[in-house]
Amino acid sequence: MTIVEARGISKNYGGVRALVDVTFTAYRGKVNVLVGENGAGKSTLMKILSGAEQPTGGEIFLDGEPVTFGSPRDAQARGIGIIHQELSLFPNLSIAENMFAGRELRRGRRFVDAREQRRRARAVLGRLGQDHLDPDAIVGDLPIGQQQLVEIGRALLEEVRVLIMDEPTSALSSHEVDVLFDVMADLREQDVTVIYISHKLDEFRRIGDWVTVFRDGRLVAHESMSRTDTGWIVRRMVGRDPGSLYVRNSSKTGEILLDVRNLSVPGAVPVHDVSFTVRAGEVIGVYGLMGAGRTELVECLMGMRRGSGEVLIRDRKEPEGTVQARIAAGLALVPEDRQRDGLVQTMSVRDNILLATVARLTHGGLLSGGAEQKTASAKVAELAIKVPGLSAAVTALSGGNQQKVVLARALLTEPAVLLLDEPTRGIDVGAKAQIAALMAELAARGYGVLFISSELAEVIAMADRILVMARGRITAEFTADTVTEEALVTASASESVLEASS
Amino acid sequence: MTDTHVDASREAAAAPDPGPARNPSLAKAALLILRGRTLVVLVLLVIFFGAISSEYLTQSNLILMTKHVAINAILAIGVTFVILTGGIDLSVGSIAGLASMVAGGLLFKGWNVPGGTVFFSAAVVILIGIAVGALVGAVNGLVVTRFKVAPFIATLGMLYVARGLAQLHSNGGTYPDLSGTPSRGNTGFHVIGVDSVLGIPVAVWIMILVAAVAVVVTTKTPFGRRIFAVGGNERAAILAGIRVNRVKIAVYVISGACAALAGLLLTSELGAAYPDTATTYELNAIAAAVLGGTALSGGRGTVIGTVMGAFVIGFLSDGLVLVGVSTFWQSVVKGAVIVFAVITEQAQQRLQSSLAKRSS
């Protein structure tokens with residue numbers, strides 16, 4: 001029985017079409033799974049269903065009745081709750097305080113009714129099978145899985161008929177996932193409809209009743225889970241022709257430039273015993289899900305995190321492990337989050353490009369303006385960066401051009417191996433193709449290139465060799481000839497591989 | 001409604017700013033005035049006080065006021081280095097006081113070593129005083145970088161510690177006579193605070209020298225570039241291979257050394273060293289930097305702006321004194337000017353970014 005129906009929904013952001021004429025149905029009391037790559041449109045549709053965004057076109061029906069949600073509060077009032085991928089809890093407050101944050105129960109007009117809040121929080125925790133949790137426990141002290149349950153509990157405090165969960169398991173351990181799935185099964189018993197976004201094929205097949213596949217802003221398949229298998233879902237996720245958009249690197253490989261041996265990195269997302277090599281002229285893709293340890297791996301290589309193991313660059317061991325030493329040895333990183341880790345927003349385009357190498361452009365200890373100008377404009381021309389001027393604020397550039405500014409800075413350090421963490425995230429398709437061409441060109445010029453990607457199509461189309469990471473380990477390695485989408489997905493999600501190797 | 005905060009703010013950030021840039025040429029003119037606002041305010045101040053007081057614009061008064069400005073400007077230049085990295089230094093007044101007492105003690109009673117008392121020449125005493133300031137600054141820098149103490153707290157602590165040490169140095173007393181004796185070879189301390197060269201006080205020459213060096217360091221050296229990078233985005237600076245901790249320690253050392261120099265100038269001018277020298281001067285210094293357009297969040301600002309800010313504060317308070325405004329009102333006016341400066345700074349930033357968006 002249909003509870004939510006979205007008919008002909010479209011959503012445009014400026015010129016970008018995030019959703020194109022999507023008609024989606026969620027069935028009452030079922031777990032409705034949504035899958036698709038990053039940017040396929042699933043999260044956008046959920047934002048529309050939960051009132052956070054308004055559709056450019058189309059209609060939403062709830063129980064067959066047309067509804068419009070002007071705000072998340074509207075949607076909540078109609079019984080639609082959403083749990084986002086990033087938890088929105090206050091780590092410094094207790095479970096009960098978190099559940100009632102922003103809508104505290106009052107006693108009289110001014111005072112918070114802490115006792116009643118505690119009582120209701122306990123009741124909700126009981127409903128989630130978490131009787132042992134103390135409503136006064138501080139949320140920041142809880143493991144991430146229990147925090148997730150607190151977040152669900154907060155949604156359940158209101159009369160929720162439809163609960164949307166956006167990748168809730170990405171940071172959970174396998175035991176925590178089991179608990180979450182038990183909770184979801186219970187909710188289903190209680191006639192709550194679950195809409196569940198996930199990347200993890202092996203996981204959602206256990207819990208899902210229906211599966212809906214998104215690709216490039218369109219709904220491409222909708223089927224009862226029992227009539228599908230992993231291959232069917234992956235084929236629909238990826239589409240037919242992912243390769244045509246991107247230039248493939250075809251340069252000859254040379255000597256080994258980077259040799260990583262038994263590298264382990266401790267931390268919240270640890271990396272265990274990773275070994276691999278990068279040769280000159282090679283473009284290597286590292287594929288994996290969020291939390292697989294890919295960023296931690298490159299940050300450790302770059303000296304931003306401490307780890308154990310050996311790193312050889314151009315056949316020379318680099319034991320110091322500081323950023324300066326790693327840059328000097330021949331590594332350069334273009335980070336995932338340009339705004340946070342890449343750009344100095346207060347500086348001009350020129351100063352950002354020269355940031356790492358400005359000490360080389362001095363004359364008698366003082367900066368030489370002419371040399372600065374020449375060096376920066378040479379890189380701008382080489383990478384075809386579109387800028388209003390070298391002294392323009394770097395924040396005035398588009399995302400793709402900002403990315404190139406960070407890349408230009410990295411190239412000026414004369415690296416042997418370039419590490420690129422999600423180089424295509426958040427830029428449009430045209431800019432992605434440019435980045436792909438650039439990586440191929442750099443490989444042809446003798447650099448080793450290692451890039452991280454979460455997008456199947458992209459990694460398959462661009463990389464000569466693909467390393468798959470899951471839970472901090474390399475679980476599989478493919479060459480461009482041997483790789484298949486299904487094998488990649490299996491290796492990135494499968495825990496059995498992991499457990500066998502650990 | 002915490003669920004939606006993220007999306008809402010993203011949308012707000014992405015939305016085009018319909019703000020004040022509807023008429024670009026007008027906006028550009030406004031931006032020019034805003035950029036040079038410290039100078040504009042300074043000129044207006046001089047015109048205003050010159051009109052109501054005949055004494056204000058005399059050569060001797062201008063020189064006197066500039067001499068007053070010099071000490072605050074040197075303090076403020078040092079603090080600017082720290083603020084540019086996104087830090088703050090609240091201890092400069094106390095460092096000035098400590099340097100004053102150390103120098104005063106060396107001149108007045110010498111240094112007790114086993115077997116007698118050693119006296120140093122005035123020049124050496126000055127260098128020792130500056131070294132003490134640099135050392136205290138280094139401690140600030142180490143506390144901030146090694147122990148990850150917030151700069152506000154670290155230097156607030158040092159504000160008390162350094163002042164306490166200054167008082168301990170003389171047990172709270174004053175070193176009344178710093179003129180030295182020829183037989184000890186330690187005369188001449190008065191030169192930096194009292195004497196003039198070419199009709200201009202030595203203190204002003206020193207300020208000009210300090211400012212010139214600071215301008216070159218901040219704008220023309222790789223080290224200066226790194227200071228701005230650390231303040232603009234520390235994580236990006238780390239990834240670019242900048243040794244962020246070294247840069248931070250260096251700016252606190254510079255700030256401490258400038259503070260000590262300012263303290264010595266003040267002491268020389270007064271002819272006596274007492275432990276309360278330069279109390280609360282840190283606030284004047286920070287105010288001058290902020291007035292001059294240095295952003296407390298780091299990464300933005302200029303030494304010239306700071307010097308100009310110091311001139312505005314100094315010329316304003318001396319002008320108010322000259323026309324007979326009570327010290328209480330002076331305080332009110334100074335406070336209002338500082339807050340106003342920050343408001344105009346924000347207006348400039350908004351206008352700048354909206355113009356940049358249009359041109360791209």
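Every residue in region A:200-222 that is charged (D, E, K, R) and either within 23 Å of the chain's Cα centre (by Cα) or modelled with pLDDT under 90 (or both), please.
Within region A:200-222, A:Lys200, A:Asp202, A:Glu203, A:Arg205, A:Arg206, A:Arg215, A:Asp216, A:Arg218 meet the criteria.
Since B:Ile249 meets every condition but one in (1) farther than 29 Å from B:Ala122 by Cβ; (2) crowded, with 16+ Cβ neighbours inside 10 Å; (3) within 14 Å of the chain's Cα centre (by Cα), which condition does it not meet?
The single condition B:Ile249 does not satisfy is (3).
I'm checking my understanding of the structure. Among residues of region A:352-363 that are in a helix (DSSP H, G or I) and either free of Cβ contacts under 8 Å to residues at least 40 places away in the same chain or among the small types (Gly, Ala, Ser) (or both), which one is surrounded by the most Cβ atoms within 10 Å (Cβ to Cβ)? Quick ask: steps written out before the conclusion?
Residues of region A:352-363 that are in a helix (DSSP H, G or I), as a first pass: A:352-353, A:358-361.
Next, from what is left, pick out any that are either free of Cβ contacts under 8 Å to residues at least 40 places away in the same chain or among the small types (Gly, Ala, Ser) (or both): A:358-361.
On the way: A:Val358: 25, A:Ala359: 16, A:Arg360: 13, A:Leu361: 21.
Checking each candidate, the answer is A:Val358.
Report the residue count in region A:389-400 for those that are modelled with pLDDT of 85 or more and either farther than 19 Å from B:Leu239 by Cα or in contact with a Gly (Cβ under 9 Å, 6 or more places away or on another chain) (or both).
5
Only residues that are facing chain B (nearest Cβ under 8 Å) and free of Cβ contacts under 8 Å to residues at least 40 places away in the same chain: list them for region A:310-327, please. Talk me through it step by step, then tell me what you get.
Quick first cut of region A:310-327, residues facing chain B (nearest Cβ under 8 Å) only: A:323-324, A:327.
If the condition is that a residue be facing chain B (nearest Cβ under 8 Å) and free of Cβ contacts under 8 Å to residues at least 40 places away in the same chain, then A:Val323, A:Gln324 are the ones that fit.
Taking B:Gly172, is it on the phi > 0 side of the Ramachandran plot and surrounded by fewer than 23 Cβ atoms within 10 Å (Cβ to Cβ)? Talk me through it step by step, then tell me what you get.
Numbers: on the phi > 0 side of the Ramachandran plot: yes; surrounded by fewer than 23 Cβ atoms within 10 Å (Cβ to Cβ): yes.
Criteria met by B:Gly172.
Hey, could you check region B:136-186 for residues that are hydrophobic (A, V, I, L, M, F, W, C) and assigned to a loop (DSSP other than H, G, I, E, B) and say which is nearest to the chain's Cα centre (by Cα)? Walk me through it before giving the result.
First, pick out the residues of region B:136-186 that are hydrophobic (A, V, I, L, M, F, W, C): B:136, B:138-139, B:142-144, B:147, B:149-150, B:152-154, B:156, B:158-159, B:161-162, B:165-166, B:168, B:178.
Within this subset, residues satisfying the condition of being assigned to a loop (DSSP other than H, G, I, E, B) are B:147, B:149-150, B:178.
On the way: B:Phe147: 25, B:Val149: 22, B:Ala150: 19, B:Leu178: 26 Å.
Looking at the filtered set, the residue picked out is B:Ala150.
May I ask you to list the residues in region A:364-375 that are within 9 Å of another protein chain (Cβ to nearest Cβ) and not in a loop (DSSP other than H, G, I, E, B)?
A:Leu366, A:Leu367, A:Gly369
Check A:Ala378, A:Ala384 and return the single one that is more than 13 Å from chain B (Cβ to nearest Cβ) and assigned to a loop (DSSP other than H, G, I, E, B). Steps first, please.
On the way: A:Ala378 fails: assigned to a loop (DSSP other than H, G, I, E, B).
None of the others qualify; the one that does is A:Ala384.
As an exercise: evaluate B:Gly93 against (1) closer than 30 Å to B:Gly298 by Cβ; (2) out of contact with any Phe, Trp or Tyr (no Cβ under 6 Å at 6 or more places or on another chain); (3) in contact (Cβ under 8 Å) with a residue 40 or more places away in the chain and give the number of the one condition it does not meet.
Checking B:Gly93 against (1) closer than 30 Å to B:Gly298 by Cβ; (2) out of contact with any Phe, Trp or Tyr (no Cβ under 6 Å at 6 or more places or on another chain); (3) in contact (Cβ under 8 Å) with a residue 40 or more places away in the chain, the one that fails is (2).
Test of understanding: among B:Ala250, B:Ala240, B:Ala285, which residue is touching a Leu at 6+ places or on another chain (Cβ under 6 Å), away from chain A (no Cβ under 14 Å) and not charged (D, E, K, R)?
Values: B:Ala250 fails: touching a Leu at 6+ places or on another chain (Cβ under 6 Å); B:Ala240 fails: away from chain A (no Cβ under 14 Å).
From the options B:Ala250, B:Ala240, B:Ala285, the qualifying one is B:Ala285.
What about A:Glu414, is it surrounded by fewer than 22 Cβ atoms within 10 Å (Cβ to Cβ), assigned to a strand (DSSP E or B) and at pLDDT 90 or above? Steps first, answer last, please.
Details: surrounded by fewer than 22 Cβ atoms within 10 Å (Cβ to Cβ): yes; assigned to a strand (DSSP E or B): no; at pLDDT 90 or above: yes.
The answer is no for A:Glu414.
Go through B:Leu296, B:Leu265 for me and flag whichever is under 28 Å from B:Thr219 (Cα atoms) and crowded, with 21+ Cβ neighbours inside 10 Å. Full working, then the answer.
On the way: B:Leu296 fails: crowded, with 21+ Cβ neighbours inside 10 Å.
One residue alone meets the criteria, B:Leu265.
Pick out the one residue from A:Glu189, A:Glu159, A:Glu151 that is modelled with pLDDT under 85, under 30 Å from A:Val35 (Cα atoms) and outside the structural domain of A:Ala292 (by TED's automatic domain parsing).
Working: A:Glu189 fails: modelled with pLDDT under 85; A:Glu151 fails: modelled with pLDDT under 85.
Only one candidate qualifies: A:Glu159.
Being assigned to a loop (DSSP other than H, G, I, E, B) and either under 17 Å from B:Ser121 (Cβ atoms) or among the charged types (D, E, K, R) (or both) is the filter here, so list the residues in region B:187-199 that pass it. Break it down stepwise before answering.
Of region B:187-199, the ones assigned to a loop (DSSP other than H, G, I, E, B) are B:187-190, B:195, B:198-199.
B:Thr187, B:Gly188, B:Phe189, B:His190, B:Asp195 - these are the residues of region B:187-199 that are assigned to a loop (DSSP other than H, G, I, E, B) and either under 17 Å from B:Ser121 (Cβ atoms) or among the charged types (D, E, K, R) (or both).
Kindly list the number of the only condition in (1) surrounded by fewer than 20 Cβ atoms within 10 Å (Cβ to Cβ); (2) touching a residue at least 24 places away in the same chain (Cβ under 8 Å) that fails for A:Leu331.
(1)
How many residues does region A:1-40 contain that are within 22 Å of the chain's Cα centre (by Cα), more than 21 Å from A:Ile233 (Cβ to Cβ), buried (at least 17 other Cβ atoms within 10 Å of the Cβ) and among the hydrophobic types (A, V, I, L, M, F, W, C)? Lay out the reasoning, then the answer.
We begin by selecting, within region A:1-40, every residue within 22 Å of the chain's Cα centre (by Cα); these are A:11-13, A:16-19, A:32-40.
When the remaining residues are screened for being more than 21 Å from A:Ile233 (Cβ to Cβ), the result is A:11-13, A:16-18.
Adding the requirement that they be buried (at least 17 other Cβ atoms within 10 Å of the Cβ) leaves A:11, A:18.
Imposing the further condition that a residue be among the hydrophobic types (A, V, I, L, M, F, W, C) reduces the set to A:18.
Of the residues in region A:1-40, 1 are within 22 Å of the chain's Cα centre (by Cα), more than 21 Å from A:Ile233 (Cβ to Cβ), buried (at least 17 other Cβ atoms within 10 Å of the Cβ) and among the hydrophobic types (A, V, I, L, M, F, W, C).
The values are calculated or read from the model by the stated rules, or taken from the named source; none is laboratory data. As the structure is a prediction and not an experimental result, all values here were calculated from the model. Positions of Cβ are generated from backbone atoms using ideal geometry, with glycine treated the same way; all protein chains shown enter the neighbour counts.
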